[in-house]
Amino acid sequence: MIRRLVVVGLGLIGGSFAKGIRESGLCGEVVGVDLDPQSRKLAVELGVVDRCEADLAVACRDADVIQLAVPILAMEKVLALLATFDLGDAVLTDVGSAKGNVVNAARLAFGAMPARFVPGHPIAGSEQSGVEASNAQLFKRHKVILTPLPETDPEALAVVDRLWSELGADVEHMEVERHDEVLAATSHLPHLLAFGLVDSLAKRNENLDIFRYAAGGFRDFTRIAGSDPVMWHDIFLANREAVLRTLDTFRTDLDALRDAMVAGDGHQLLGVFTRARMAREHFGKILAQRAYVEPVEAEDLVFLASPGGSVTGRIRVPGDKSISHRSIMLGSLAEGITEVEGFLEGEDALATLQAFRDMGVVIEGPHHGRLTIHGVGLHGLKSAPGPIYLGNSGTSMRLLAGLLAAQSFDSTLTGDASLSRRPMGRVAEPLRAMGAVIETAAEGRPPLKIKGGRTLNGMNYEMPVASAQVKSSLLLAGLYAQGTTTVIEPAPTRDHTERMLRGFGHPVSVDGAKVSVTSDSGLKAARIEVPADISSAAFFMVAASIAEGSDLVLEHVGINPTRTGVIDILRLMGADITLDNQREAGGEPVADVRVRSASLKGIEIPEALVPLAIDEFPVIFVAAACAQGRTVLRGAQELRVKESDRIQAMADGLLKLGVSVEPTPDGIIIDGGQIGGGVVDAQGDHRIAMAFSVAALRAQAPIQIHDCANVATSFPNFLALSAQVGMRVAQEGQL
Ligand code: S3P
């Protein structure tokens, strides 16, 4: 309990703080101080404070907490006065938009930074001002940055933390210098530019005309030039050094844009604009800390799947994830312009796209699945400005490891919590044997720190696991290695890298299980048509098979023989699947896949089909749960190191739904029967979330599926397409 809170300065921020704390009942008495008699009177009348004082010394008598909410340049004066009082144990804090100057002023006034002074800055405000605009809710869900110093008393910090939390604010701690740098870049510089641009245009003779024709762009860019000039004058003087640094960096970048225009360098302009547009589009995600930056706890996205329904119609599922990744990689490394169609705009493929943009490749789009990649050639990549964050995407990390091991610059690859648990030793070890220098975290986990400037040597590598990612990683390294790089597969795995390399004019020799490349030739730009992803189509193949009265056509599905294990397995179980209109698109076979309901039976899944259906097992397990009799899977221990441990995650969920399952070290045994309803956990794994959505077609009660946000990594419009064909699954709360 705080007996007395004193708020010095009753403007919008001080008034809102006082009012909120007063309403919370956390303080015995809230006392206001302001120079303006009218504000003091209003503050009491409006219930912002219990009483007001004109004299600072009188107000601060017996205060427990003193909040300084005066204009930032007035802070020095107030602090100098406070230093002459006996403040006892009072905690001091402030709300200034720059922190370095406040800390300096406090040091000057008190001789040293007082341990009970906690500098703070709420990132909130409004265009209104004055005590009459006080709003107890102003800070709710807004960030408040506190910048404690090493000498700050932890107890005083806890008191200030508590006060802001009571107002519903999200409190963060930051170093003083960092705060001032961040605010200079994100708030102060934009205000300077807005004020500057409006003034520059307004003082020209023809300003009337300019303003008459100034439409959206001018209005949007300069909205903040309507802010309080005095307050901003204070802020620029208070945070002068940090603003000057960010302004100078910006001037350099602006000069580079000017130079590009002088030189008629459209490529350079396009690079800046496409990168900026992407960053702006994903601003929301960046703020939610998903996909392009280090994640914090993402919110739980819950699917609710209602029982029953049949599956009918014609749909095209989004583009193949594996091929989408490779189109960016090879398109970037090619000479010339590569056009891509059907690109998967899911978070995994977008993470690869962003990585190459960060390495200086100009990529236009994606727009309705279309991309234009301005290839830089095998030796044209540049070092990314920081660590490359790959979200949830194992394919991005493993393939990039091979490619980056051969570059002249160092790189660091990081990922989300799931990716950070996945084994990377399987690529790091053979790459090291080729001469790469790669550091991993314990047990070969990410992040990967890759040293540049190494000469790689080709080698013969017998892969211990059947992995297309490992194979592709080594082949990409092989594009730079001396001599021949040969990978020998223990069982066939997807061959998209080999096909696409040939499509880009780079020879690949295949001899049985042996795949070889050399560094003797480069890549030439190509057109790529990405077929629909059979791994996404698989959810609907099982859906239409298990739901009575179903008849569904999945258009333009990639049926590369290294990917069709799911069709073979479902057919062995008795599914009715036909392939119509078989043709070739961009070096990959495609077909329209028609699926009608059938009564399925349990089988022993042939082990040879495991690598050819590796991503489809979660939904195949759902088919098995609906089949008559027992289904047994062996030789699939790889499933334990996917985005989740897919054997355990599916076994846990199916058990909850009343299905009889037994996980084994390398597979699962499922006895088909009734599926009940219940609550299951997708464990952040997109394919587990979608598999349980399909299970609801045959469930007896609703299935609630937790942790589904990552469906966006591979199948962003899954819910919309599901609804279109008659499945009853939706995001909870949006039914
Ligand atoms: C992929 C290969 C497979 C697959 C993954 C994509 C690829 O992984 O599970 O979703 O694009 O090469 P492994 O090769 O590690 O089995």
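The values are calculated or read from the model by the stated rules, or taken from the named source; none is laboratory data. Computed from a predicted structure; not experimentally measured. Cβ atoms come from the backbone with ideal geometry, glycine included; neighbour counts cover every protein chain shown. Remember, those area values only see protein heavy atoms, side chains included, never the ligands or the DNA or RNA. Shrake-Rupley method; radii C 1.70, N 1.55, O 1.52, S 1.80 Å.
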| said: Treating segment 533-665 as a set of equal point scatterers at the Cα positions, no solvent, please give the Debye-formula log₁₀ I(q)/I(0) at q = 0.09 Å⁻¹. | reply: -0.25
| 10 °C / 1.306 mPa s Stokes-Einstein diffusion coefficient of the chain, Kirkwood radius on C-alpha pairs, µm²/s | 54
| request: Kindly state, as a whole number, the per residue volume in cubic angstrom of the convex hull around the alpha carbon atoms of segment 608-735. | output: 102
| task | Assign unit charges at the C-beta atoms only (+1 for Lys and Arg, -1 for Asp and Glu), then state the dipole size of the chain relative to its Cα centre in Debye, rounded to the nearest 20. | result | 1160
| field | Integer Hz, Karplus 6.51/-1.76/1.60 couplings in order for segment 58-72, x for Gly and Pro | value | 5, 4, 7, 4, 6, 6, 8, 9, 10, 9, 9, 10, 8, x, 4
| said: How large is the Kirkwood hydrodynamic radius of segment 646-685, counting all unique pairs of alpha carbons, in Å? | reply: 10.4
| request: At 1.4 Å probe size, with every protein chain present, just tell me what the per residue accessible area of segment 461-618 comes to in Å². | output: 34
| note | From highest to lowest solvent-accessible area (probe 1.4 Å; ligands, DNA and RNA excluded), R316, R596 read R316, R596
| remark: Mean accessible area per residue over segment 118-216 (1.4 angstrom probe, all protein chains present, square angstrom) is 54
| Positive-end residue, segment 537-604 charge dipole about Cα centroid, Cβ charges, pick of A591, I577, H556 | I577
| task | Let me know the charge dipole size of segment 345-430 about its Cα centre in debye, to the nearest 20, where only the beta-carbon of Lys, Arg (+1) and Asp, Glu (-1) is charged. | result | 160
| remark: In nm, the gap between the two label points placed 7 Å beyond Cα toward Cβ at L46 and D265 is 5.3
| remark: Under the Karplus relation with 6.51, -1.76 and 1.60 and θ = phi - 60°, whole-Hz ³J(HN,Hα) for segment 129-143, x at Gly and Pro, equal 8, x, 5, 5, 8, 3, 9, 4, 9, 3, 9, 4, 6, 9, 7
| Principal axes of segment 9-94: Cα extent on each, largest first, Å | 31, 25, 19
| query | Given H placed on each backbone N at 1.01 Å, which residues far from M459 in sequence or on other chains put an amide H within less than 5 Å of it? | reply | T485, T486
| query | So which lysines pass the test for K19, namely a Cα distance under 28 Å, with those fewer than 8 places away in the same chain ruled out? | reply | K41, K77, K99, K140, K143
| request: Could you tell me whether segment 209-277 comes out rounded, prolate or oblate from its Cα gyration tensor? Rule is a ≥ b ≥ c as square roots of the eigenvalues, rounded for a/c under 1.5, then prolate if a/b exceeds b/c, otherwise oblate. | output: oblate
| task | Counting other Cβ atoms within 10 Å, keep those with at most 16, restrict to DSSP loop, and tell me which GluC sites (Glu not before Pro) in segment 89-176 are left. | result | E127, E151, E175
| For segment 227-273, with only Lys/Arg (+1) and Asp/Glu (-1) charged at the beta-carbon, what is the dipole magnitude about the Cα centre, in debye rounded to 20? | 20
| Cα-based Rg and Dmax for segment 173-288, where Dmax is the largest Cα-Cα distance (Å) | 16.5, 48
| query | With the Cα gyration tensor of segment 304-450 giving a ≥ b ≥ c as the square roots of its eigenvalues, does the rule (a/c under 1.5 for rounded; else a/b larger than b/c for prolate; else oblate) give rounded, prolate or oblate? | reply | oblate
| remark: For S165 the rounded accessible area (nearest 10 Å², probe 1.4 Å, non-protein molecules ignored) is 60
| remark: FRET efficiency (A83, V632; Cβ distance; R0 60 Å; to 0.05) is 0.15
| query | Any idea which of T664, V131, G391 is furthest toward the positive side of the dipole for the chain, if Lys and Arg beta-carbons carry +1 and Asp and Glu beta-carbons -1? | reply | T664
| request: Jot down the per residue volume, in cubic angstrom and as a whole number, of the convex hull over the alpha-carbon atoms of segment 365-432. | output: 116
| message | Using the Cα centre of the chain as origin and beta-carbon charges of +1 (Lys, Arg) and -1 (Asp, Glu), tell me which of S322, A355, A730 is placed farthest towards the positive end of the dipole. | response | S322
| Proximal lysines to K449, defined as alpha-carbon separation beneath 27 angstrom and excluding residues fewer than eight positions away on the same chain | K285, K321, K382, K471, K642
| query | So how far apart, in nm, are the two label points at E166 and K140 if each is 7 Å from Cα heading toward Cβ? | reply | 1.8
| Binning every alpha carbon pair distance of segment 463-582 at 5 Å from zero, what are the percents per bin? | 2, 10, 17, 18, 15, 13, 11, 7, 4, 2, 1, 0
| query | When all protein chains stay in place, what accessible area (Å², nearest 10, 1.4 Å probe) is found for E206? | reply | 90
| field | Rough spin-label spacing in nm, given labels placed 7 Å along Cα→Cβ, for A158 and R258 | value | 5.5
| message | Through the Karplus equation 6.51 cos²θ - 1.76 cosθ + 1.60, θ set to phi - 60°, convert the phi angles of segment 236-253 into ³J(HN,Hα) values in whole Hz; use x for Gly and Pro. | response | 5, 6, 6, 10, 3, 5, 5, 5, 4, 4, 5, 5, 5, 4, 5, 4, 4, 5
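Please compute one quarter of the surface area of the Cα convex hull for segment 691-731 and express it in square nanometres.
Averaging across all directions leaves 2.9 nm² for the Cα convex hull.
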| remark: Under 5 Å from the placed amide H of E53, counting only residues 5+ away or on other chains, we find G32, V33, D34
| request: List every residue whose amide H lies under 5 Å from the amide H of V590, counting only residues 5 or more places away in sequence or on a different chain, with H placed 1.01 Å from N in the peptide plane. | output: I559, R583, E584, A585
| What per residue convex hull volume, in Å³, comes out for segment 4-159 when only alpha-carbon positions are used? | 103
| Can you give me the Cα centroid spacing of segment 58-99 and segment 565-606 in angstrom? | 74
| Considering only protein heavy atoms and a 1.4 Å probe, what is the carbon-and-sulfur percentage of the accessible area of the chain? | 51
